[in-house]
Amino acid sequence: MAQRTAVVTGATGQDGSYLSELLLDKGYDVHGMVRRTSQAALGRNLISHLIGNPNFHIISGDLADQGSIENVIKEVEPDEFYNLGAQSFVPESWRSPTHTSDITGLGALRCLEAIRIHRPECKFYQAGSSEQFGKVVETPQDENTPFYPRSPYGCAKVFAHYITKNYRESYDLHASTGILFNHESPRRGIEFVTRKVTLSAARISSGIQASMEIGNVEAKRDWGYAGDYVEMMWKMTQRETPDDYVISTGETYSVKDMIDLAFGRAGMELTWSGEGIGTIATDQDGNVRVKTNPRFFRPAEVDILVGNSEKASRELGWTPKTDFKELIFMMVDNDMEIVRTAIKHGVNPPAPLH
């Protein structure tokens with residue numbers, strides 16, 4: 001069998017790095033599409049360990065530029081195309097709604113149009129999001145649950161979802177969307193809430209940070225491990241018939257649950273008091289370690305997301321391998337090691353961005 005070739009947008013991110021590793025392990029020739037302005041940082045990002053692999057290549061491309069995507073398609077002639085690139089930080093989508101819509105929404109359309117014109121036999125995967133459900137109309141959410149996005153990011157993902165479906169039905173493209181619920185890992189960006197919590201727990205336990213400020217600790221999410229979820233992306237492109245699938249654990253935990261696990265792993269048992277923007281948590285010595293801050297609350301909150309991935313289990317033979325506790329412990333242990341190593345070498349450990 002000839003070696004298959006894949007393009008991965010967003011290759012330098014959490015999902016892109018795990019997916020690139022998975023595809024390389026399966027014998028693919030992988031082309032990570034990276035904006036030229038990002039290439040100077042390649043030695044410091046999540047795929048730096050892949051540089052030098054003869055089957056891994058960096059190729060210039062920009063989801064905001066139709067011509068550059070068409071050039072990628074014409075040069076690589078991929079068998080599979082995974083569109084993971086996006087402006088994916090939900091709070092930023094309120095600050096940059098036009099940019100988010102252009103990259104996260106129209107970026108998917110540009111990829112599909114390039115494939116339609118130059119490589120219609122290429123199988124396309126679109127990274128969807130549970131944020132498409134937003135203000136949920138039913139719980140749990142599955143492939144038939146109506147969308148009700150509550151952020152510019154969620155709206156952009158809904159557009160990307162429907163344009164993918166439209167190109168599948170209009171042009172007979174093998175185009176699928178994975179509606180992935182929250183999925184995290186030690187590679188998660190430090191601007192995201194899970195990494196903010198685990199990194200703060202590591203910094204506080206090491207004495208270099210006093211406390212953490214956060215938004216709505218009552219919000220509930222369905223959290224899985226990104227390393228498990230990228231397998232589903234690949235499985236979707238292997239099916240004879242393209243389709244859309246919810247990918248989730250089917251379990252829900254609050255931000256408060258996550259904080260308790262993370263801080264407990266770092267040696268701090270928390271006691272909560274107050275509610276809403278007045279919520280605080282103190283450790284066993286009475287020190288305030290967590291407090292809510294109104295500036296971290298969303299303009300339109302998404303209270304609960306929990307997915308039903310029975311279709312994926314039935315048709316693709318997939319179930320998540322890593323549970324919530326294992327995931328949070330994995331992330332805390334990683335951040336504890338990062339902080340210890342930084343202190344050992346006399347440098348400032350990384351700090352959460354928000």
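The values are calculated or read from the model by the stated rules, or taken from the named source; none is laboratory data. Since the structure is predicted, the reported quantities are computational estimates derived from the model, not experimental observations. Cβ sites come from the backbone with ideal geometry, for glycine too, and all protein chains shown count toward neighbours.
Quick notes on this one:
- Within the stretch 313-342, residues that are within 15 Å of GLY250 (Cβ to Cβ) and not assigned by TED's automatic domain parsing to the domain that holds ALA201 reach partners that are at pLDDT below 95 and not in a helix (DSSP H, G or I) with beta carbons closer than 6 Å, at six or more positions or on different chains, in the pairs SER313/THR319.
- Meets criteria (within 24 Å of HIS183 (Cα to Cα), surrounded by fewer than 21 Cβ atoms within 10 Å (Cβ to Cβ) and at pLDDT 90 or above) for PRO91: no
- For the stretch 321-346, the set of residues classified as surrounded by fewer than 15 Cβ atoms within 10 Å (Cβ to Cβ) and not in a helix (DSSP H, G or I) consists of LYS321, ASP323, HIS345, GLY346, listed by residue number.
- Residue that is surrounded by the most Cβ atoms within 10 Å (Cβ to Cβ), among those in the stretch 164-182 that are over 30 Å from PHE324 (Cβ atoms) and of a type in the set (Gly, Ala, Ser): ALA175
- Among the candidates GLY264, GLY286, the residue that is part of a helix (DSSP H, G or I), outside the structural domain of SER176 (by TED's automatic domain parsing) and either surrounded by fewer than 20 Cβ atoms within 10 Å (Cβ to Cβ) or out of contact with any Lys or Arg (no Cβ under 9 Å at 6 or more places or on another chain) (or both) is uniquely GLY264.
- Looking across the stretch 224-260, the residues that are assigned to a loop (DSSP other than H, G, I, E, B) and either surrounded by fewer than 24 Cβ atoms within 10 Å (Cβ to Cβ) or over 16 Å from the mean Cα position of the chain (by Cα) (or both) come down to ARG239, GLU240, THR241, PRO242, ASP243, GLY250, GLU251, THR252.
- Residues in the stretch 137-173 that are among the hydrophobic types (A, V, I, L, M, F, W, C) and over 22 Å from LYS311 (Cα atoms): CYS155, ALA156, PHE159.
- For the stretch 220-229, the criterion of being farther than 27 Å from VAL136 by Cβ and in contact with a helix residue (DSSP H, G or I) (Cβ under 7 Å, 6 or more places away or on another chain) is met by no residue.
- Residues in the stretch 92-135 that are small (Gly, Ala, Ser) and assigned to a helix (DSSP H, G or I) were compared, and the one that is farthest from LEU305 (Cα to Cα) is ALA114.
- Test: residue in the stretch 146-153 that is over 30 Å from MET336 (Cα atoms), within 18 Å of the chain's Cα centre (by Cα) and without any contact (Cβ under 8 Å) to a residue 40 or more places away in the chain: yes
- Single residue of the stretch 33-57 satisfying the filter (in a strand (DSSP E or B) and closer than 17 Å to ASN83 by Cβ) that is modelled with the lowest pLDDT: VAL34
- Residues of the stretch 158-201 classified as of a type in the set (Lys, Arg) and farther than 18 Å from ALA312 by Cβ, total: 4
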